[in-house]
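Some notes on the structure that comes next.
Rule-based calculations on the coordinates, nothing more; no lab input. Note that the coordinates shown come from a computational prediction; the quantities given were computed from them, not determined experimentally. Reconstructed Cβ throughout: ideal geometry from the backbone, glycine too, with neighbour counts over all protein chains shown.
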């Protein structure tokens, strides 16, 4: 059985979403299956409009419960930076993962957090997704 990979991202302006899609493409080209999830938005719509935020892609599920990630063999995290730190949306999600850490549900899961954002980096992100899938497949399913 091939490893299952999840990509979890937050993207206010669409850059991280593009990276996540490139990673997913690389995983699929390597023969893997991948599901994408978005981190829930915590800002009010009126604030997002003033910030000129891109609309959320409603075809990609929002992940409210980190328990969903327990079914995956590997997870790619798409995390933008806000003044050198995680955005509050990611912090709110990670605060919900205490049960998984306490029970060991994430033990042995492969994880990666690509952080490139430039257009040229999309090609690299696709290759990273491909390499990540191959590494997970070798470690867990060889």
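Would you order 103, 11 from fewest to most other beta-carbon atoms within 10 Å of each residue's own beta-carbon?
Numbers: 103 10, 11 23.
Lowest to highest Cβ neighbour count: 103, 11.
Can you give the Kirkwood hydrodynamic radius of the chain from its Cα pairs, in Å with one decimal? Intermediate results must be reported in sequence, preceding the final value.
Working: mean 1/r = 0.0641 Å⁻¹.
Roughly 15.6 Å, rounded to one decimal.
Find how much the distance from residue 71 to residue 88 grows on full extension, using 0.36 nm per residue of separation minus their present alpha carbon separation; answer in nm with one decimal. Walk me through the numbers before you get to the answer.
Values: separation 17, 0.36 × 17 = 6.12 nm, distance 2.53 nm.
The residue 71-residue 88 span can extend by a further 3.6 nm.
Could you line up 16, 5, 79 from fewest to most neighbouring Cβ atoms inside 10 Å?
Working: 16 24, 5 27, 79 20.
Ordered from fewest to most neighbouring Cβ atoms within 10 Å, 16, 5, 79 come out as 79, 16, 5.
May I ask you to sort 112, 36 by Cβ crowding, counting other Cβ atoms within 10 Å and putting the fewest first? It would help to have the intermediate numbers written out before the result.
Working: 112 17, 36 21.
By the 10 Å Cβ count, ascending: 112, 36.
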